[in-house]
Amino acid sequence: MSKVADPQKSDLMEKIVSLCKRRGFIFPSSEIYGGLGSAWDYGPLGAELKRNVKSAWWSTVVHQRDDMVGLDASILMHPKTWEASGHVNNFNDVLVDCRRCNSRFRIDHLKDGKCPSCGVKDFTDGRAFNLMFKTHYGAVEDGNVTYLRPETAQGIFVNFKNVLDTTHRKLPFGIAQIGKAFRNEVTAGNFTFRMREFEQMEVEYFTTKDQAADCHQRWIQERLQWYLNLGVRKENLQLRKHADDELAHYAAACTDIEYNFPFGWSELEGIANRTDYDLKQHAQFSGKDLQYQDLTTGEKFYPYVIEPSGGVDRATLAFLVDAYHEEVVKDQTRVVLKFSKQLAPVKVAVLPLLKKNDGIVTLAKRIKNDLQKEFVCVYDDTAAIGKLYRRQDEVGTFYCVTVDVQSLEDGQVTVRDRDTMAQERIAVDRLKGYLREKLAL
Ligand code: GAP
């Protein structure tokens, strides 16, 4: 039997960052040039994991509902979008400089009004710093300014009428989108938690003013349940309602889903009541009628919007942290990423016990070729079997299939379960069906 060794919170983050680099989940961006602050690249396993997070979200939020459709809007939008949305005027952090040590901080990050670097209370006046990345489109450098979108939401609002006219939806209904967003964050850090380029998974759910409060509560519960269904431990999730003075300029109410990261409870996703703010703003700035018309009563009005807005990168990081386990097995530490079936980047590893035995290699390759049509598989023959198992545990591979000399005689292979480490002999011709059953959601 194994017992759980509790990794200290303080070094847990370090271990995860190191595992991510060593095993190809996450690399520093443009590392050969020394990296770029708060930019990260997903390696082969990270790319698989992130894809799984996004498809789990899309499946739950779009495909498994009757009241949702998807959208994929462009990152660059007409610059007026950002005037209308309020981001040009309001999307600011207020910064101060310490006169003693010249360090720069967000004013809302100061504790007791003291400089976190030197402890002195002597700051310059606050200056507003807009978080949007400005860019130019077309060949004229000075004109044609626009921004890299700081949230995907506005792509949904400006397409509200297009979606309505083409899908003939009735309220309540929602539009979902996954895509990149960019913010020139002042204080970055904590690995992929706060990046300057990141991905969002956002829903704008349109409803009536009367239904908005109930609808908000339902989305909070549904979004919380999504993380639980994907295996995040309940004790590591909490809801936090925003105080009035924390609310974004467009929100009447907001509740965050927070995760207990090694660096403290922090926002994974915000579920906001955006009222009819955005549609009204875009109607005013564009001069277009963006109202919804109830065809039975003929009434025209601006719907209210409930917005569950999560970060792909933050969710991926939370899934990684939550999956990280250390266990002591036969006096040795076994590191296992206990991802859920849906999220595990690799489902099956095929391992030939002897890489110089032609019969074993041929059978192992045939098995891998067959399984990879249905499951994400890897083939590894570069170490002894104990080491191969450890390697697969460390990246969360669900099953290891080992082909040995006996397999050539009895047509059976050993299937090892990641979590229990239990091993079973399974006939090769039953293997696919066996794994299909085990890996079914
Ligand atoms: N449309 C609403 C909106 O953008 P937000 O709370 O600013 O709201 C939503 O962002 C989510 O996007 C956050 O809960 C977080 O998961 C993710 N996010 C925001 N800024 C981020 C950053 N700098 N790095 C990584 N993820 C970020």
**Complete:** For segment 352-374, the count of residues that are within 31 Å of the chain's Cα centre (by Cα) and within 18 Å of D393 (Cβ to Cβ) equals 0
**Item:** Search result, residues across segment 162-176 that are away from the ligand (no atom under 15 Å from the Cβ), under 14 Å from Y205 (Cα atoms) and not in a loop (DSSP other than H, G, I, E, B)
**Value:** V163, L164, F173
**Request:** Please determine, by comparing only the residues of segment 66-101 that are among the polar types (S, T, N, Q) and part of a loop (DSSP other than H, G, I, E, B), which one is nearest to F123 (Cα to Cα).
**Result:** S85
**Request:** Can you tell me which residue within segment 145-159, out of those that are at pLDDT 95 or above and assigned to a strand (DSSP E or B), is surrounded by the fewest Cβ atoms within 10 Å (Cβ to Cβ)?
**Result:** L148
**Request:** Please work out if N102 is in contact with a His (Cβ under 9 Å, 6 or more places away or on another chain), more than 16 Å from the ligand (Cβ to nearest atom) and either on the phi > 0 side of the Ramachandran plot or not assigned by TED's automatic domain parsing to the domain that holds G311 (or both).
**Result:** no
**Asked** Here are some residues: K134, K180. Which one is without any contact (Cβ under 8 Å) to a residue 40 or more places away in the chain and within 28 Å of the chain's Cα centre (by Cα)?
**Response** K134
**Prompt:** For segment 346-386, what are the residues that are free of Cβ contacts under 8 Å to residues at least 40 places away in the same chain and polar (S, T, N, Q)?
**Reply:** T362, N369, Q372, T382
**Request:** Give the number of residues within segment 35-61 that are more than 18 Å from A315 (Cα to Cα) and among the hydrophobic types (A, V, I, L, M, F, W, C).
**Result:** 1
**Item:** Enumeration of residues in segment 83-99 that are touching a strand residue (DSSP E or B) at 6+ places or on another chain (Cβ under 9 Å) and within 16 Å of L148 (Cβ to Cβ)
**Value:** H87, V88, F91
**Matching residues in segment 160-217 - criterion: being buried (at least 20 other Cβ atoms within 10 Å of the Cβ), over 20 Å from T296 (Cα atoms) and of a type in the set (V, I, T)** = I175, I178, T192, V203
**Asked** Of these, D142, D108, D125, D112, which one is assigned to a helix (DSSP H, G or I) and modelled with pLDDT under 95?
**Response** D108
**Request:** Would you mind stating whether E185 is within 13 Å of the ligand (Cβ to nearest atom), under 27 Å from K134 (Cβ atoms) and in contact with a Leu (Cβ under 7 Å, 6 or more places away or on another chain)?
**Result:** yes
**Prompt:** Which members of segment 319-370 meet the condition of being among the small types (G, A, S), surrounded by fewer than 20 Cβ atoms within 10 Å (Cβ to Cβ) and part of a loop (DSSP other than H, G, I, E, B)?
**Reply:** S340
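The values are calculated or read from the model by the stated rules, or taken from the named source; none is laboratory data. The structure displayed is predicted, hence computed values, not measured ones. Ideal geometry is used to build each Cβ from the backbone, glycine not excepted, and the neighbour counts take in all protein chains shown.
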